[in-house]
């Protein structure tokens, strides 16, 4: 007999403002280095990616301003907005670093989710939208909604 797949929602948090403020050109899944109290908070969905971004520093990638709330039952807690190291292969870091250092491009965490019990982050190389681009995408969305 085939095993049944669990139908639980593995999605922890999404950065909804990223699709409005940025144009996502390319994305990549990566791991994240966490401490015990952080993963407990993540399992309770107490995470916000709204103002976070990723930065290439030397030969590693850091996720900055990701807000993981403190776990109330922990003896020793973590800092909620500390920089967290992202786990990528060296070739992936070099490829993304080259694109992210160009003018107008940045690395933005788009989504956080679980894969086989491990927290993963989907980061994207993004280019900021201008005001008229945002208005244009809102018009397209409204027209599609009206046509449905």
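Here, each number is a calculation from the coordinates, and none is a lab measurement. Please read these numbers as outputs of a predicted model, since none were measured by experiment. Neighbour counts run over all protein chains shown; Cβ positions are idealised from the backbone, glycine included.
Per-structure values
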read-out: Inter-label distance, nm, simple model (7 Å from Cα along the C-beta direction), residue 98/residue 33; value: 2.6 nm
read-out: Centroid-to-centroid separation of segment 93-148 and segment 36-90 [C-alpha atoms, Å]; value: 19 Å
read-out: Nearest-0.05 FRET efficiency for residue 134 and residue 82, computed from C-beta distance (R0 30 Å); value: 0.45
read-out: Scattering curve values for the chain, log₁₀ I(q)/I(0), Debye with Cα scatterers, q = 0.11, 0.13, 0.16, 0.19 Å⁻¹; value: -0.50, -0.67, -0.92, -1.14
read-out: Per-residue Cβ neighbour rank within 10 angstrom, fewest leading, 14, 101; value: 101, 14
